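Student: First, the structure itself, so that you have it in front of you.
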Amino acid sequence: MAESYYNAASGNWSTAANWKGGTNGDGTLPTSADDVYANGKAVTIDQDITVNSLRTTAGTTAVAGGSFTVSSTGRTLTVNSTIISGSSTCVSVTTTGTLTINGSSLTINGSAASTSINTVNNTTSGTINVTANIVGGGATGVVALRNSANGTINLTGNTTGGSGQSAGCNNGTGTFTISGNATGGGSSSAYGINNSSTGTVTISGTVTGGTVVTAYGAFNNTTGSLLLDGPVSASSTAPAVGSSTTHTGFVRVAGPITNSGGVNAITCTRVCLVAECDWTIAKAGTPPAYNGTVTIGNKSGGGPVAKQTIITNIGTY
């Protein structure tokens, strides 16, 4: 793929004279065959685009840094390979309208080196519809897809924690819906998705723990809601679902629960178990499976707790 990079201090994507390199040469807009670099510049995406990749990493000629900003509604970004951040956030979404991000085989990756940045960040009340797989970064604080205000992210694809940080983060009052799987990564706090504030995260696919003890597939941090409609499975190392010790939010689990050896699938408080399907609960002292209408025994030794009842402070299952 050809390297296309912005060559003005700031400006609109649609200004052809500001581009260097690329498949069609200097002074032409990037194409679907181009890897596009911000090159340390501030680029406003003011039109629909189709490219191979978007980057704030360094290229052969382009330097690291810069940003791409979407401030107008109704845009579609078609990126067929990857969106990846380097030393700065790659795509900042400031529109209060709707943005679509997709591609033939798109992966949104967190940075491998820089800290406390995002690859794609929804900063307002707008809606981003994303079709891609999301992978966390290699450095602490680097999130691939963040919903940082009161907006909405609808993701069709899978989220996988990286070697250093979570793939997705919902850290405002907004909603983050994942039509796919969420899997923990390879380091502490490298979650598939982190619901870190008062918003709501919904996952329809399988939630699975990662390769490190606290690399949960999904994590509920404070007072938000985590709604899990698919299977919840511990890995051989990590629980699928966790929460902070000060968590006062709500976790709903509606799919099968599967532990792995001595690793519990869920380690959090305030859990509502919605028994609309078969359960597999490998907790010591209980049968390994329940079918049909079920009750879940209270861990403290009391009587059974009916299905669809919020169970508070139950510890681990």
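The values are calculated or read from the model by the stated rules, or taken from the named source; none is laboratory data. Here the structure is a predicted model, which is why all the values come from computation and not from measurement. Counting neighbours? That spans all protein chains shown, and the Cβs are built from the backbone with ideal geometry, glycine included.
Student: Can you find a residue in the stretch 59-74 that is among the aromatic types (Phe, Trp, Tyr) and closer than 19 Å to residue 146 by Cα? It would help to see each step written out before you state the result.
Tutor: If we filter the stretch 59-74 for residues that are among the aromatic types (Phe, Trp, Tyr), which is where we start, we get 68.
Going one step further and asking which of them are closer than 19 Å to residue 146 by Cα, we end up with 68.
Checking the stretch 59-74: at least one residue is among the aromatic types (Phe, Trp, Tyr) and closer than 19 Å to residue 146 by Cα.
Student: Restricting attention to the stretch 33-60, and to residues there that are in a loop (DSSP other than H, G, I, E, B) and of a type in the set (S, T, N, Q), which single residue is surrounded by the fewest Cβ atoms within 10 Å (Cβ to Cβ)? Spell out how you get there, then give the answer.
Tutor: Start the filter on the stretch 33-60 by keeping residues that are in a loop (DSSP other than H, G, I, E, B), which leaves 33, 38-41, 45-48, 56-60.
Now restrict to residues that are of a type in the set (S, T, N, Q): 39, 47, 56-57, 60.
Numbers: 39: 25, 47: 12, 56: 30, 57: 23, 60: 9.
Once the filter is applied, the top-ranked residue is 60.
Student: A further question follows. How many residues, within the stretch 1-22, are surrounded by fewer than 16 Cβ atoms within 10 Å (Cβ to Cβ), polar (S, T, N, Q) and more than 31 Å from the chain's Cα centre (by Cα)? So that I can check it myself, show each step before the final result.
Tutor: Going through the stretch 1-22, the residues surrounded by fewer than 16 Cβ atoms within 10 Å (Cβ to Cβ) turn out to be 2, 8-10, 12, 14-17.
Of the ones still in play, those that are also polar (S, T, N, Q) are 10, 12, 14-15.
If we keep only those that are more than 31 Å from the chain's Cα centre (by Cα) too, we end up with 15.
Of the residues in the stretch 1-22, 1 are surrounded by fewer than 16 Cβ atoms within 10 Å (Cβ to Cβ), polar (S, T, N, Q) and more than 31 Å from the chain's Cα centre (by Cα).
Student: Here's another thing I want to ask about it. What's the total number of residues in the stretch 79-97 that are more than 16 Å from the chain's Cα centre (by Cα) and either crowded, with 17+ Cβ neighbours inside 10 Å or not β-branched (Val, Ile, Thr) (or both)?
Tutor: The qualifying residues number 8.
Student: Please determine whether any residue of the stretch 150-168 is within 9 Å of the chain's Cα centre (by Cα), within 23 Å of residue 246 (Cβ to Cβ) and not in a loop (DSSP other than H, G, I, E, B).
Tutor: Initially, the stretch 150-168 is screened for residues within 9 Å of the chain's Cα centre (by Cα), giving 155, 158-161, 166-168.
Among the residues that remain, those that are also within 23 Å of residue 246 (Cβ to Cβ) are: 161, 166, 168.
Okay, now just the ones that are also not in a loop (DSSP other than H, G, I, E, B), so 168.
Among the residues of the stretch 150-168, at least one is within 9 Å of the chain's Cα centre (by Cα), within 23 Å of residue 246 (Cβ to Cβ) and not in a loop (DSSP other than H, G, I, E, B), which makes the answer yes.
Student: Okay, next question. Residue under question is residue 27, and the condition is that it be at pLDDT 95 or above, more than 28 Å from the chain's Cα centre (by Cα) and either surrounded by 15 or more Cβ atoms within 10 Å (Cβ to Cβ) or of a type outside the set (Phe, Trp, Tyr) (or both); does it hold? Walk me through how you get there before you give the answer.
Tutor: On the way: at pLDDT 95 or above: yes; more than 28 Å from the chain's Cα centre (by Cα): yes; either surrounded by 15 or more Cβ atoms within 10 Å (Cβ to Cβ) or of a type outside the set (Phe, Trp, Tyr) (or both): yes.
Judged against the criteria, residue 27 is a match.
Student: How about the stretch 1-44: which of its residues are of a type in the set (Asp, Glu) and either over 21 Å from residue 76 (Cβ atoms) or out of contact with any Gly (no Cβ under 6 Å at 6 or more places or on another chain) (or both)?
Tutor: Residues of the stretch 1-44 of a type in the set (Asp, Glu): 3, 26, 34-35.
Across the stretch 1-44, the qualifying residues are 3, 26, 35.
Student: Could you run through the stretch 176-204 and say how many residues are surrounded by fewer than 24 Cβ atoms within 10 Å (Cβ to Cβ), under 12 Å from the mean Cα position of the chain (by Cα) and part of a strand (DSSP E or B)?
Tutor: 3
Student: Inspect the stretch 118-128 for any residue being small (Gly, Ala, Ser), in a strand (DSSP E or B) and either touching a Cys at 6+ places or on another chain (Cβ under 9 Å) or more than 22 Å from residue 218 (Cα to Cα) (or both) and give the result as yes or no.
Tutor: Pass one, the stretch 118-128, residues small (Gly, Ala, Ser): 125-126.
Keeping just the survivors that are in a strand (DSSP E or B) gives none.
Scanning the stretch 118-128 turns up no residue that is small (Gly, Ala, Ser), in a strand (DSSP E or B) and either touching a Cys at 6+ places or on another chain (Cβ under 9 Å) or more than 22 Å from residue 218 (Cα to Cα) (or both).
Student: Restricting attention to the stretch 86-107, does a residue exist that is in contact (Cβ under 8 Å) with a residue 12 or more places away in the chain, of a type in the set (A, V, I, L, M), in a strand (DSSP E or B) and in contact with an Asp or Glu (Cβ under 6 Å, 6 or more places away or on another chain)?
Tutor: Within the stretch 86-107, the subset in contact (Cβ under 8 Å) with a residue 12 or more places away in the chain is 86-107.
With the extra rule that they be of a type in the set (A, V, I, L, M), the set shrinks to 91, 93, 99, 101, 106.
Then drop every residue that is not in a strand (DSSP E or B), which leaves 91, 93, 99, 101.
Next, only the ones that are in contact with an Asp or Glu (Cβ under 6 Å, 6 or more places away or on another chain) stay: none.
No, every residue in the stretch 86-107 fails to be in contact (Cβ under 8 Å) with a residue 12 or more places away in the chain, of a type in the set (A, V, I, L, M), in a strand (DSSP E or B) and in contact with an Asp or Glu (Cβ under 6 Å, 6 or more places away or on another chain).
Student: Another question, then. Suppose we keep only residues that are among the hydroxyl-bearing types (Ser, Thr, Tyr) and assigned to a strand (DSSP E or B) within the stretch 205-252. Which one would you say is nearest to residue 175 (Cα to Cα)? So that I can check it myself, show each step before the final result.
Tutor: Step one: of the stretch 205-252, the residues among the hydroxyl-bearing types (Ser, Thr, Tyr) are 206, 208, 211, 214, 216, 222-223, 225, 233, 235-237, 243-246, 248.
This time we only want the ones that are assigned to a strand (DSSP E or B), so: 208, 225, 233, 243.
Details: 208: 21, 225: 10, 233: 23, 243: 18 Å.
Among those that are among the hydroxyl-bearing types (Ser, Thr, Tyr) and assigned to a strand (DSSP E or B), it is 225.
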